[in-house]
1. Show me, for the stretch 62-67, the HN-Hα J-couplings you get by feeding each phi into the Karplus relation (A = 6.51, B = -1.76, C = 1.60, θ = phi - 60°), rounded to Hz, glycine and proline as x.
2. Would you mind computing, in nm to one decimal, how far apart the modelled labels at Ile14 and Asn139 are, each placed 7 Å from Cα along Cα→Cβ?
3. Note down the nm distance, to one decimal, between modelled labels 7 Å out along Cα→Cβ at Glu95 and at Lys130.
4. Using a 10 Å cut-off on Cβ atoms, rank the peptides 99-110, 4-15 from the highest mean neighbour count down.
5. Roughly how many Å² is the accessible area per residue of the chain, as a whole number, for a 1.4 Å probe?
6. How far, in nm, would the chain grow between Lys153 and Lys81 when pulled straight, counting 0.36 nm per residue and subtracting the alpha carbon separation?
7. Residue by residue through the stretch 150-160, which ³J(HN,Hα) values in whole Hz follow from phi under the Karplus form 6.51 cos²θ - 1.76 cosθ + 1.60 (θ = phi - 60°), with glycine and proline marked x?
8. How do 163-169, 142-148, 64-70 rank on mean C-beta neighbours within 10 Å, highest first?
Amino acid sequence: MEKTLLLELVYPLISTSFPILPDLKRSPKLLWLDTGLVNYVAEMQERLLFTSATDELWNGDIAEQVVGQELLGASVTFGTKRMFWVRDARNSQAEVDFVYKFKSRLLPIEVKTGDNSRLRSLHQFMEESKENIAIRLWNGTFCSDEIRLPSGKQYTLYNLPFYYAGQLESFLNDKVE
């Protein structure tokens, strides 16, 4: 199915800098071309038809698929692979939903729904990274926060509504030198 471009096996990165080398020994994420396919394979059609609270039904998991679709659709290069990050440590649960290559930078993207949005994995990524910008795509309003990590490192967290996912390149061109 991957050769038909209906889905993509996305292997994690374990580094926060270049070169971009996916770890093929770790389990990949499965990102579909379309959320309709995700709903069909998960046999969610009937439940989705009779509910108005889709976030609760999916526990926010569909948001990551939607953002993945938008990142893929916004790419102008055929065959661009989406990426995510996991911490290279035993028994570590740290995972950043996407890593976005922008010019000569690798920027982390966390996808969050709801009010209880902890960003521990994002903070760990930023602790290991040389970057000073991170992105949260969420169901809230646009804002930015200056974050200071326990180590003293500071970075800017841009909180963008989901609908900005397809315009990330334009947004970053305006914000990043």
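The values are calculated or read from the model by the stated rules, or taken from the named source; none is laboratory data. Keep in mind the model is a prediction, meaning the values are calculated, not measured. Glycine also receives a Cβ, built like all others from the backbone with ideal geometry; neighbour counts cover every protein chain displayed. Calculation scope for accessible area: heavy atoms of the full protein, side chains included, ligands and nucleic acids excluded. Shrake-Rupley method; radii C 1.70, N 1.55, O 1.52, S 1.80 Å.
1. Result, ordered by residue: 5, 4, 5, 5, 4, 4 Hz.
2. Reported label-point gap for Ile14 and Asn139 is 3.6 nm.
3. Result for the modelled spin labels: 2.9 nm.
4. Numbers: 99-110: 18.2, 4-15: 15.4.
Those peptides, ordered most packed to least, come out 99-110, 4-15.
5. Values: 10560 Å² over 177 residues.
Normalised by residue count, the accessible surface of the chain is 60 Å².
6. Details: separation 72, 0.36 × 72 = 25.92 nm, distance 2.97 nm.
Between Lys153 and Lys81, full extension yields 22.9 nm more.
7. My calculation for the stretch 150-160 gives x, 6, x, 5, 10, 8, 9, 9, 8, 9, 10 Hz in order.
8. Details: 163-169: 16.3, 142-148: 11.4, 64-70: 20.4.
The peptides rank, most packed first, as 64-70, 163-169, 142-148.
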